[in-house]
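Shown next, in structure tokens, is the structure this report addresses.
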Amino acid sequence: MNIVVLVKQVPDTAAERTLSGTDHTLDREGADLVLDEINERAAEEALTLKETAGAEVTVVSMGPDSALDAIRTVLAMGADRGIHVRDDRLRGADVVTTAKVLAAAVRTVGDVGLVLAGNATTDGQASAVPAAVADLLGLPQLTQVRELRVTAGRVRAERETEHGEATLDAPLPALVSVTEKINEPRYPSFKGIMAARKKPVETVGLDDLFPDADAVGFLVTRTRVVEAVPRPARTAGVRVTDDGSADRQVADYLIARKLL
Ligand SMILES: Cc1cc2nc3c(=O)[nH]c(=O)nc-3n(C[C@H](O)[C@H](O)[C@H](O)COP(=O)(O)OP(=O)(O)OC[C@H]3O[C@@H](n4cnc5c(N)ncnc54)[C@H](O)[C@@H]3O)c2cc1C
């Protein structure tokens, strides 16, 4: 079975993230870029299936040159090959365009039994690309998955949201988006990192994925960020010293802020 895992390189959530002054897209040049942590789990799930079901794993990422590092990380974890979709015209691409491009890249793999993705990314947080890719590929999709089993041509999954849990079932081929709770990703071994350097990574652009030039005419983005205001830094807060009136002080504090 061929498994494709969709991964994105994102600014490190631990580092400060800034939006560029011109088009308010995330300033990736100045940021520490890492493999998205939810995508690490999607990759781990693909590799576990590779070990148990004998699948071949292809990692796909759309992004600038730096995104190759994210692909190499998944190859070092144990994936077999990579597809890097790199095209300057994709800068600032919106969800729909990202999904169209990723669906086209998945189609180049052929005979895909399972597409794995994260339920969101830590930067755009749209939680929309997997659904759009599944629709474009005509695949059933199982989302927000925290446990996954593939048996006899079917995929069964435990889905968890704040509203409760559900058991999902669908025939393969299918697309599954996983949450950060699904597993603990492995760390690439030194041997894995060395082997990753020799593993094939195909770099493709829009003209490769959409040979019919007209198909590339689609708008790269339909939405644009017109204004972005960073959340104000958290203030220290009010310190209450209990001189016997702490309850009064807390009540006054809550009343003043219409919380009581
Ligand atoms: C602050 C901000 C706000 C934005 N607002 C909007 C908006 O309102 N509307 C809009 O259309 N776009 C918006 N975008 C752009 C959007 O983030 C990009 O289109 C992005 O590529 C896809 O969205 P996401 O990261 O939120 O994906 P999600 O839908 O959250 O991603 C889910 C999963 O899809 C896969 N995936 C996503 N992107 C890639 C990729 N590049 N390569 C490989 N796999 C991938 C990963 O497995 C990921 O875990 C915004 C971006 C930013 C940074």
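The values are calculated or read from the model by the stated rules, or taken from the named source; none is laboratory data. Predicted model only: the values in this text are computed from it and were never measured. Ideal geometry is used to build each Cβ from the backbone, glycine not excepted, and the neighbour counts take in all protein chains shown. The protein model used for the area step is the full one, side chains on, heavy atoms only, and it has no ligands, DNA or RNA in it. Shrake-Rupley method; radii C 1.70, N 1.55, O 1.52, S 1.80 Å.
The table that follows gives values for the structure above.
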| quantity | calculated |
| --- | --- |
| Dipole of the chain [Lys/Arg +1, Asp/Glu -1 at C-beta], most positive-end residue of 2, 84, 132 | 2 |
| Cα long-axis angle, helix 37-53 against the chain (0 to 90 degrees, to the nearest 10) | 40 degrees |
| Highest average packing first - 58-70, 136-148, 233-245, Cβ atoms within 10 Å | 58-70, 136-148, 233-245 |
| The stretch 82-139: C-alpha gyration tensor shape, a/c 1.5 cut-off, then a/b vs b/c | oblate |
| Degrees, to the nearest 10: 95-109 long Cα axis against longest axis of the chain | 30 degrees |
| Residue 100 accessible area, assembled protein chains, probe 1.4 Å, Å² | 70 Å² |
| Average accessible area per residue (Å²) across the chain - probe 1.4 Å, nucleic acids and ligands excluded | 56 Å² |
| Simple Cβ-charge dipole of the stretch 2-209, Lys/Arg +1 and Asp/Glu -1, about Cα centre, in debye nearest 20 | 680 debye |
| Those lysines that a straight Cα-Cα span of less than 20 Å connects to residue 8, excepting residues fewer than 8 apart in one chain | 100, 181, 199 |
| DSSP beta bridges in the chain [antiparallel fraction, %, rounded to 5] | 40 percent |
| Convex hull projection area averaged over all views, the chain, Cα basis, nm² | 18.6 nm² |
| Relative contact order (%) - criterion: Cα under 8 Å, at least six apart; region: the chain | 22 percent |
| Charge sum, other residues only, whose C-beta stays under 10 Å from residue 199's C-beta, Lys/Arg counted +1 and Asp/Glu -1 | +3 |
| Long-range amide H partners of residue 126 with built H, under 5 Å | 121 |
| Accessible surface of the chain, 1.4 Å probe, proportion on carbon and sulfur as whole % | 52 percent |
| Separation of the residue 13 and residue 53 label points, Cα + 7 Å toward Cβ, nm | 2.7 nm |
| Length-normalised contact order for the stretch 151-215 - Cα pairs under 8 Å, 6+ apart - percent | 19 percent |
| Angle between the chain longest axis and helix 67-77 axis [Cα atoms, degrees, rounded to 10] | 80 degrees |
| Calculated SAXS-style log₁₀ I(q)/I(0) at q = 0.13, 0.19, 0.25, 0.31 Å⁻¹ - the stretch 37-94, Debye, Cα scatterers | -0.35, -0.67, -0.98, -1.26 |
